[in-house]
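Everything on this sheet refers to the single structure shown next.
Quick note: the coordinates plus some simple rules give every number you see, no bench work behind them. None of these values were measured; they are calculated from a predicted model. Positions of Cβ are backbone-derived with ideal geometry, glycine not excepted, and every protein chain shown enters the neighbour counts.
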Amino acid sequence: MIRTSRLPGFYQKTVQERRRLIADVTGLSSEQLESLDTRNGKTVSLAGKLRAALNGEAALTVDVADYMIENAIGVFGLPLGVAANFIINERPVLVPMVVEEPSVVAAVSFAAKLASEGGGFRTSSTEPVMIGQIQVLDVPNIEAATEAILAARADLIAKADMTSPSIVRRGGGAKGIEVRRLDTAVGPMLIVHLLFDARDAMGANAINTACEVLAADIECLSGGRVNLRILSNLNDRRRARAEVIIPASAFATSNIPDGRTVVRGIVEAQAFAHADPYRAATHNKGILNGVDAVAIATGNDWRAIEAGAHAYAARDGQYRALTDWHETEDGDLFGALEMPLAVGTVGGATKSNPVAQVCMGILDVQSSRELAEIMVSVGLAQNLAALRALATEGIQNGHMALHARQIALAAGATGDMVDRISTQLISEKNIRLERAQELVDQMLWSMADRL
Ligand code: MEV
């Protein structure tokens, strides 16, 4: 075995050849690499795919993955669940979520049920306008260049529109040009913003293409030199918002009969995350547990969402909670979440991944705005679930049962062993892998004795 990271011509090889090569250089067995997908890399015909889809066997196959990225050797599975109880703008919605963290789907479904006691979520969103950036350096006269670019606005917009006729036909396309001066470590520069309505696409490709096409005109108009031409992931013009009001009585339990105590605890948690970036990062991570899970299920770019969310959370100069929770005059809980959400319902992995297609079918959304509004509702619900738990019994109670199942699985438990072992781990208050492995061994020995 020669360990190397040099794999010349790897991208030109077939999936089978790539796997053999990876086996050679890593010392893994070819069986281990064959287990990377269920179809062993055999090319599945279109008819085969159709049959599979009709039989409900929608899955991303390695032959499709091979078209999606370079150097593909397999597909990676994650649990796909459905969150229940969501009422969004009076419509019942089932939410597909892809996530490996055990408690996320259960928690969000519980919070959506709480929200439904106040009538569910009400949502809104802006037009899906993204920002493309063109960086211009060595500009001889920044004021004159700014004027020239703004005066040529209509021509620049028309030229940008020519790059995306189908988006323009749907009412989208270039909507504006803005110019900013930046004073930086390498001197002053002009930053041109192209405002671009992506309609139901996420829009990255369309905007990057438009920025590249405009670069030569911008150089002519400014007399400067263009460097970067790329969209901004701080898409603060393309935002979605969800609001909820939950009656305090919905939070009452046998342990905490006065729901207002819980409302106060949640409002105090909000104040903490507003004031302290250390807490805000965790608070926002909880929101993104939900948002990302829907993004992955629908084939959307969750890294873009994360980048936009965190940048937006720091928009006033301090990193803060993305949500707002406060007590209403009646003592009930009001919650709102507004955040940038660049998601698409067409193109990209949404179309190429058959599982994402099924998830879109479960959601039954007609536009990218509708999808973003569902995602922001899920983020708000996920945050509510976390804050309610943290402000009452703590997060570990609910987590542990699910965590114990994962530990049992990791220890090699199968079938009904998983529940038996996880129950035992919880009753012993000893949810550790070593203990789970002991229990698996004990059970296997006692099964063998009975044979
Ligand atoms: C865990 O994935 C998410 C939480 O930490 C979020 C929060 O603390 O608000 C529970």
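Quick notes on this structure:
- Relative compactness, region 140-186, computed as alpha-carbon Rg over 2.2 N^0.38 Å: 1.47
- By the helix-only formula, in which each DSSP H run with n ≥ 4 contributes -39500 (n - 2.57) and the sum is divided by residues, the chain has a 222 nm mean residue ellipticity of -15500 deg cm²/dmol.
- The longest part of the chain holding none of the exposed loop trypsin sites (Lys or Arg not before Pro), meaning those outside H, G, I, E and B in DSSP with at most 10 other Cβ atoms within 10 Å, is 7-428.
- For region 1-22 and region 62-99, distance of Cα centres in Å: 29
- Global form of region 110-248, assessed from the alpha-carbon gyration tensor, a/c cut-off 1.5: prolate
- Remark: the Cα gyration tensor places region 356-419 in the oblate category, a/c being 1.5 or greater and a/b not exceeding b/c.
- Region 244-258 - phi-based ³J(HN,Hα) in whole Hz, Karplus 6.51/-1.76/1.60, Gly and Pro as x: 8, 10, 10, x, 4, 4, 5, 8, 5, 9, 5, 7, 10, x, 9
- Region 206-225 and region 372-428 have their alpha-carbon centroids 51 Å apart.
- Label-reachable residues, region 221-264, where backbone N falls under 15 Å from a point 7 Å from Asp324's Cα toward its Cβ: 240-245
- With a simple spin-label model that places each label point 7 Å from the Cα along the Cα-to-Cβ direction, the separation between Ser249 and Glu428 comes to 4.6 nm.
- Across Lys113/Lys175; Lys159/Lys351; Lys285/Lys351; Lys113/Lys285; Lys13/Lys159, pairs whose alpha-carbon gap is larger than 30 Å: Lys113/Lys175; Lys13/Lys159
- Other residues within the sphere of radius under 15 Å centred on the Cβ of Phe251, judged by their own Cβ, net out at -3 (K and R +1, D and E -1).
- For region 214-324: rounded, prolate or oblate by the Cα gyration tensor [a/c cutoff 1.5]: prolate
- Lys/Arg +1, Asp/Glu -1 at C-beta; the chain dipole; positive extreme among Met1, Val64, Thr350: Met1
- Model label points for Arg435 and Arg6, set 7 angstrom from Cα along the Cα-to-Cβ axis, are 5.1 nm apart.
- Dmax and Rg, reported as Rg then Dmax, of region 303-414 (C-alpha, Å): 18.2, 53
- The angle between the Cα long axis of helix 368-390 and the longest principal axis of the Cα atoms of the chain comes to about 50 degrees, rounded to the nearest 10.
- Each part reduced to its alpha carbon centroid, region 308-322 and region 146-190 end up 26 Å apart.
- Pairs of alpha carbons in the chain separated by more than 36 Å make up 44% of all such pairs.
- Inter-label distance for Ser446 and Asp419, nm, one decimal - labels placed 7 Å from Cα along Cα-to-Cβ: 1.7
- Couplings 3J(HN,Hα) for region 283-288, derived from phi with the Karplus relation 6.51 cos²θ - 1.76 cosθ + 1.60 (θ = phi - 60°), are 4, 6, 4, x, 4, 6 Hz, where x marks Gly and Pro.
- Helix 15-26 vs. the chain, principal-axis angle (Cα, 0 to 90°, nearest 10): 70
- On Cα atoms only, tilt of 433-450 relative to the major axis of the chain in degrees: 40
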